[in-house]
Structure formats: structure tokens, C-alpha cells
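Below is one structure, written out as C-alpha cells; the observations come after it.
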Amino acid sequence: MKKISLFEATSRLKDHIELWDENRFWVTAEIKSINFHPSGHIYLELIEKAPGSDNTIAEARATIWRNVAGKIISKLMLKAGIKVLLQASFNYNQRYGLSINVTDIDPTYTMGDLERRKREIIERLTASGLIERNRSLELPIPTKRIAVISSVTAAGYTDFINTLNCNRYGFSFHTELFNATMQGDEAEESIINALSLIPVERFDAVAIIRGGGASTDLLAFDSEALATACARFSLPIITGIGHQRDTSIVDMVAYHNAITPTAVAEYFISNMLELQNRLNEISAELSTAATIYVRQAMMHLGNLRNGMARATEMAMRLYFRQTESLKREVESAAALTLRRCREQMATLDQRLSVSAVMQCQSYRRELASLERQLELVDPKNILRKGYSLTLLNGKPINDPSVLRSGDEIQTVFHNGEVVSVVK
């Protein structure tokens, strides 16, 4: 057997590969790692796993040279973890070994695979009840304290803050940024970590925002781990992480999905405006109800006053009628007594002679006594001595047992009267 050097052996292998008629093919693989070199070249590590397993059954290095890198990136943003269909050829170098030279890419293969993985994750989240979990939370009203997960340098974050703080209604909000990487291989872990740092007792809601981009830029937001963390979070999450065509799994589990960071800010502003309008409506309703109540109360008070005036007038009339009647009865009794006395005196004067004078004097004394008694029983004199007359429904009473709680009685004095209520 002929002896050859290592260089000669590897050169023969290189010649065989370069002369191989089928050394231009389409190959499917998963990107294990990727390095965007400052020179413009892209270096990849490609792997293939056994079906239904994480066991690697093939691995190779690949290179996308600078002259075709721009064309490939314009079709699909490459990142670790995605599956790709590449147009390639083998290249062998005696020093660096075998590698794959990539010349083109079919983005529809990758997008199809990503869509399949996305559907599987959605099915698992739905089966576990996590799709609706965050949406079932109650959004505090007003929503003024907002934890923001974004990159501090992102234009979307600036748009969000400017829209929120410069709203034309003058609403004020408190925001605090929890900085995170929003794209690339580190985005998933970075956003989950930012969520864990939020003190939930200090905030009403969480806004996760970033601008739009290529579909592969948003792959972190189709992560099952990130979607689960958002679904289980104890505050409502509002997302604005892409354009309308880019509905991610995180969007689906969030309390509310807005199209852009600006739309997230407008969502918070519209909630405040809705609350203000409702408060204005309630204020107007209360004002109207208060006005109606006051008017009704004033009418009722007026009716009460009129009723009291009529009742007082009737009571006074009844009192004076009863007083005049009592006076007439007393005067009539006194006149009758006097008339009888005078008649008796006249009769006695005719019958008596000597004793007439003495008998007359006796009668005069008796008459004087009767007059004093009449004065004593005169109601005016009785009232003037400090006594009073109590009337119930216009009739004099002398037994308190006839009175009941709530009865209205009139107490008459010699110079006025008082109306009282029995307790």
C-alpha cells in the first residue's frame, strides 16, 4: 500500500468534494448557534435531532459569506433554535476541515415550522387553562401605576412615555421601567426576569412593549416559558410588541393586546377618560336628584307650614268660642242668682217691718258673699291667680289618664296659651 502525507490525503478529499456532481443541495437543519462577525460573514453551527427526541444525530459548521449574507437576512432573520432550509454545498479545507457553504434560504420552511410549534404551545396553554387566566383578572380603575417592561433605548418605549405624559386630558400616570432585552436569544430570560422584579403591590398593571420587526425578531414572545410566566402573573398585562400582523402567544395570554406601544398608552388614557365620563354622568345624576329632592322637600315643608297655620287658626277659634260660651254661662248664672236674690229681698221687704232692716242686711251680706264666690269661679280670675286650663281637641280635661302619647294639647293662661305634645 502506497504511503501519502496527511496534506496529500486531505487534498484528495478536497478534490473529491469539489468535483462531486451533487455538491449543491437543499438541506434542512436547526441552528444551534450563530455568530454575526464584524467582517459581515455569518458563522453557524447546524444540528439535526432524532425525531421526537433532543438527541443530536448530526452536526456541522456552516458559513454565510458576506456577499450573500444581506440577501439571506432580508428573507429571514436568523437566530438560534429555528429550523431552516438552506441551499448549500460542502467545502473542505485541509486545515479547518469540513464545513457547509450557504448560498440561499427558503423562509417559508422556517415560518411553517415556527407556526406548527406555535400551535402546539397554544394547545398546551389552552388545555391547562392559562390562555384566559390573566384576562380573568380585574383591572384596577383608575389605572395610574404602570410597570413597563421594555428596552430603555427602544423608540417604542419613548413613544409610549410621550403619548402617556402628553395626553390632552391632563391625566397623570406613574410609570417605572424594568429594563429588558426585547429581541434575540436573551430576550426570553430577560423579560421573565424583569417580571420577577416587579413589586406587584405598587402597581396596577404591567405594559410589555417593543416596536415591530421581522417575525423572527418576535420569536421570544412565542416562547412557552414566557407566555406561562405572563399568564400566571398576578397583575393584568397589556402588550404592544409588534404590528397587527404579528400576534404572538404572549399577546394571546395577556389581559389586553394593543398593536403598538403608542396604542398601549392610548388604551390607558381611554380607560381614564371612560372613568372621568362616568364620574361626570354620576355627578350630573346626583345634582339632578338633589335638586328634585330639595324642591319636593320645600313643597312638603310649605304644605306643613300651611297645615300648621290652618290648625292653629282653627284651634284659636275653637278656644275663643268655648271661652265666650263659658263666660256667657257664668254671667247668666250670676244674673239669675242676683235676680232671685232681689226678688226674695223685695218679698221680704213687703212682709217685714222692724226686722226687715236686719234681715235685709243679712241678705246683703249673703249677696256679697255670693258675689265674691262668683268672682272666685270667674275663669279669668282663676287664670289670673296662676291656674291654667288644659284643652284636648278643644275640650277641657281634668283627668290625665285620657291622654295618649303623641296627643296635642292646649294649655290656656290668663294672658296666652301653649301648645304641647304628650310623650
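The values are calculated or read from the model by the stated rules, or taken from the named source; none is laboratory data. Remember, predicted model here, so these are calculated numbers, not experimental data. Here the Cβ is made from the backbone with ideal geometry for all residues, glycine too, and neighbour counts use every protein chain on show. Note: areas computed on protein heavy atoms with side chains; ligands, DNA, RNA excluded. Shrake-Rupley method; radii C 1.70, N 1.55, O 1.52, S 1.80 Å.
Quick one: residue 228 ticks every box in (1) touching a residue at least 60 places away in the same chain (Cβ under 8 Å); (2) in a loop (DSSP other than H, G, I, E, B); (3) on the phi < 0 side of the Ramachandran plot except a single one, so which number is it?
Going through the list (1) touching a residue at least 60 places away in the same chain (Cβ under 8 Å); (2) in a loop (DSSP other than H, G, I, E, B); (3) on the phi < 0 side of the Ramachandran plot, residue 228 breaks only (2).
Checking the structure you have, find out if any residue of the range 38-48 is surrounded by fewer than 16 Cβ atoms within 10 Å (Cβ to Cβ), at negative phi and in contact (Cβ under 8 Å) with a residue 60 or more places away in the chain.
no
Please indicate, with yes or no, whether at least one residue in the range 292-307 is part of a helix (DSSP H, G or I), open to solvent by 70 Å² or more (accessible area, probe 1.4 Å) and touching a residue at least 12 places away in the same chain (Cβ under 8 Å).
Checked the range 292-307: no residue is part of a helix (DSSP H, G or I), open to solvent by 70 Å² or more (accessible area, probe 1.4 Å) and touching a residue at least 12 places away in the same chain (Cβ under 8 Å).
Suppose we keep only residues that are closer than 21 Å to residue 278 by Cβ and out of contact with any strand residue (DSSP E or B) (no Cβ under 8 Å at 6 or more places or on another chain) within the range 149-182. Which one would you say is most open to solvent (accessible area, probe 1.4 Å)?
Step by step, filter the range 149-182, then rank; the result is 168.
Just the residues that are hydrophobic (A, V, I, L, M, F, W, C) and either open to solvent by 40 Å² or more (accessible area, probe 1.4 Å) or in contact with a Ser or Thr (Cβ under 7 Å, 6 or more places away or on another chain) (or both), please, taken from the range 17-26.
Passing the criteria: 19, 20, 25, 26.
Taking the stated definitions as given, is residue 132 closer than 21 Å to residue 232 by Cα and open to solvent by 30 Å² or more (accessible area, probe 1.4 Å)?
It is true that residue 132 is closer than 21 Å to residue 232 by Cα and open to solvent by 30 Å² or more (accessible area, probe 1.4 Å).
Scan the range 272-290 and report the pairs whose first residue is without any contact (Cβ under 8 Å) to a residue 40 or more places away in the chain and more than 23 Å from residue 173 (Cα to Cα) and whose second residue is open to solvent by less than 80 Å² (accessible area, probe 1.4 Å) and not in a helix (DSSP H, G or I), with Cβ atoms within less than 8 Å and a gap of 6+ or a chain change.
Listed by first residue and then by second, the contacts come to nothing, as the list is empty.
In the range 399-419, how many residues are assigned to a loop (DSSP other than H, G, I, E, B), on the phi < 0 side of the Ramachandran plot and open to solvent by less than 90 Å² (accessible area, probe 1.4 Å)?
Here the count works out to 3.
Checking the conditions here, which among 369, 325 is within 28 Å of residue 309 (Cα to Cα), open to solvent by less than 50 Å² (accessible area, probe 1.4 Å), modelled with pLDDT of 75 or more and in a helix (DSSP H, G or I)?
325
Please work out if residue 146 is at pLDDT 95 or above, outside any loop (DSSP other than H, G, I, E, B) and surrounded by 15 or more Cβ atoms within 10 Å (Cβ to Cβ).
yes
Quick one: in the range 49-73, of everything that is at pLDDT 85 or above, outside any strand (DSSP E or B) and open to solvent by 30 Å² or more (accessible area, probe 1.4 Å), which residue is nearest to residue 188 (Cα to Cα)?
The qualifying residue nearest to residue 188 (Cα to Cα) is 73.
Output the number of the condition that residue 128 fails; it satisfies all remaining conditions of (1) modelled with pLDDT of 90 or more; (2) under 24 Å from residue 25 (Cα atoms).
If we test residue 128 against (1) modelled with pLDDT of 90 or more; (2) under 24 Å from residue 25 (Cα atoms), just (2) comes out false.
Against the condition outside any helix (DSSP H, G or I) and over 21 Å from residue 210 (Cβ atoms), how does residue 123 come out, does it pass?
No; evaluated as a whole, the condition is false for this residue.
Within the range 98-122, which residues are within 43 Å of the chain's Cα centre (by Cα) and of a type in the set (A, V, I, L, M)?
Within the range 98-122, 111, 114, 121, 122 meet the criteria.
Looking only at the range 189-199, count how many residues are open to solvent by less than 70 Å² (accessible area, probe 1.4 Å) and touching a residue at least 12 places away in the same chain (Cβ under 8 Å).
Of the residues in that region, 5 qualify.
Please verify whether residue 266 is touching a helix residue (DSSP H, G or I) at 6+ places or on another chain (Cβ under 8 Å) and surrounded by fewer than 20 Cβ atoms within 10 Å (Cβ to Cβ), treating the condition exactly as stated.
Yes: the conditions hold for residue 266.
Consider the range 5-41. How many of its residues are among the aliphatic types (A, V, I, L, M) and touching a helix residue (DSSP H, G or I) at 6+ places or on another chain (Cβ under 8 Å)?
Result for the range 5-41: 0.
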